[in-house]
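*Asks:* Quick one: structure below, then a few questions.
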Amino acid sequence: MRARLIASREIAPNTRHFDFESEEWNAAFVPGQFLSLTAEIEGEEITRAYSIASPPGGHTFALCANEVHDGRFSPWLFSLAPGDEIDFKGPYGAFILRRPVSDSLFVATGTGIAPFRSMIHSRLREHPDRQFTLIFGVRHEHGLLYHDEFLAAAHEFPNFAYHPTLTRPTDSWHGRQGRVQQHLFEFLGDRRDVDVYICGLREMVDDVRAKLKESGLDRKRIIYEKYD
């Protein structure tokens, strides 16, 4: 399928939000899934996967990506201008809310927040009887992607709580500090009837999974996706 870039904007240093439109795209995806993008770069066809960062609806979808300066695909993606087109396939993936939906803890770092943005914007209204809690960890405050959106959602929806944490805070930061792993059981407590969804780099995902298993959480309640 083909999609046209509508707009893109910087949401953190070296991180952009991309909005695409495709008449071939009917938004028949489940929040948490990803798309496969393909481009011919220097004579070679390269494919990369990106989680959909928007809720289902219409012929549009959003992606969130970091620019890897020594990479090949992301600099090409970042060079696109409104009106430029991309080739894509999908949706793919099983990183979606389990049925029946339980109270859920979302754990994200960096651009691992993308699938959770899709879930949060689409599922809070659908499941007002379920509690959703997001722990989002980054290094610096300016790396808190979609921060204002999550603050607004936490204000609007009683069933959503948002807890950002920084590993390199400035003196002006008065929120949580440290890695997401340090705050897991602050929100999970003694409960073992909660589904935990984890998305980010391999080291974080593996560490969180290990801690949850050690705590006695059923492995079937641990749903994860790694970004490297």
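*Asks:* Of the conditions (1) out of contact with any helix residue (DSSP H, G or I) (no Cβ under 9 Å at 6 or more places or on another chain); (2) in a loop (DSSP other than H, G, I, E, B); (3) small (Gly, Ala, Ser), residue 154 fails just one. Which one is it?
*Replies:* Here residue 154 clears every test but (2).
*Asks:* Look at residue 176 and say whether it is under 26 Å from residue 140 (Cα atoms), surrounded by 16 or more Cβ atoms within 10 Å (Cβ to Cβ) and among the basic types (Lys, Arg).
*Replies:* Numbers: under 26 Å from residue 140 (Cα atoms): yes; surrounded by 16 or more Cβ atoms within 10 Å (Cβ to Cβ): yes; among the basic types (Lys, Arg): yes.
Here the answer is yes, as residue 176 does meet what is asked.
*Asks:* Can you find, within region 1-59, the residue that is surrounded by the most Cβ atoms within 10 Å (Cβ to Cβ) among those that are acidic (Asp, Glu) and in contact with a His (Cβ under 7 Å, 6 or more places away or on another chain)?
*Replies:* 21
*Asks:* OK, next. Pick from 175, 143: which is in the same structural domain as residue 118 (by TED's automatic domain parsing) and touching a residue at least 60 places away in the same chain (Cβ under 8 Å)? So that I can check it myself, show each step before the final result.
*Replies:* Details: 175 fails: touching a residue at least 60 places away in the same chain (Cβ under 8 Å).
Exactly one of 175, 143 is in the same structural domain as residue 118 (by TED's automatic domain parsing) and touching a residue at least 60 places away in the same chain (Cβ under 8 Å), namely 143.
*Asks:* With under 16 Å from residue 36 (Cα atoms), surrounded by fewer than 16 Cβ atoms within 10 Å (Cβ to Cβ) and either of a type in the set (Asp, Glu) or not assigned by TED's automatic domain parsing to the domain that holds residue 32 (or both) as the only criterion, which of 85, 156, 149, 126 stands out?
*Replies:* 85
*Asks:* Then there's this: Let me confirm something: among 136, 132, 106, which residue is within 27 Å of residue 36 (Cα to Cα) and without any contact (Cβ under 8 Å) to a residue 60 or more places away in the chain?
*Replies:* 136
*Asks:* Checking residue 170 against (1) within 25 Å of residue 22 (Cβ to Cβ); (2) in contact with an Asp or Glu (Cβ under 8 Å, 6 or more places away or on another chain), which test does it fail?
*Replies:* Only one criterion in (1) within 25 Å of residue 22 (Cβ to Cβ); (2) in contact with an Asp or Glu (Cβ under 8 Å, 6 or more places away or on another chain) is unmet by residue 170, namely (1).
*Asks:* Among the residues of region 182-218 satisfying the criterion of being part of a helix (DSSP H, G or I) and among the acidic types (Asp, Glu), which is surrounded by the fewest Cβ atoms within 10 Å (Cβ to Cβ)?
*Replies:* Out of the qualifying residues, it is 214.
*Asks:* Further question on the same structure: Among 162, 146, 197, which is within 25 Å of residue 94 (Cα to Cα), among the hydroxyl-bearing types (Ser, Thr, Tyr), at pLDDT 95 or above and touching an Asp or Glu at 6+ places or on another chain (Cβ under 9 Å)?
*Replies:* One residue alone meets the criteria, 197.
*Asks:* Only one of (1) outside the structural domain of residue 207 (by TED's automatic domain parsing); (2) in contact with a Leu (Cβ under 6 Å, 6 or more places away or on another chain); (3) within 29 Å of residue 178 (Cα to Cα) fails for residue 64. Which number is that?
*Replies:* If we test residue 64 against (1) outside the structural domain of residue 207 (by TED's automatic domain parsing); (2) in contact with a Leu (Cβ under 6 Å, 6 or more places away or on another chain); (3) within 29 Å of residue 178 (Cα to Cα), just (2) comes out false.
*Asks:* What number of residues within region 142-200 satisfy the criterion of being among the basic types (Lys, Arg) and touching a Leu at 6+ places or on another chain (Cβ under 8 Å)?
*Replies:* Total satisfying the criteria: 2.
*Asks:* Looking only at region 94-151, how many residues end up being at positive phi, among the hydroxyl-bearing types (Ser, Thr, Tyr) and not in a loop (DSSP other than H, G, I, E, B)?
*Replies:* Matching residues across region 94-151 total 0.
The values are calculated or read from the model by the stated rules, or taken from the named source; none is laboratory data. The model shown is predicted, which means the values in this text are computed figures rather than measured ones. As a convention, Cβ positions derive from the backbone with ideal geometry for all residues, glycine included, and neighbour counts pool all protein chains shown.
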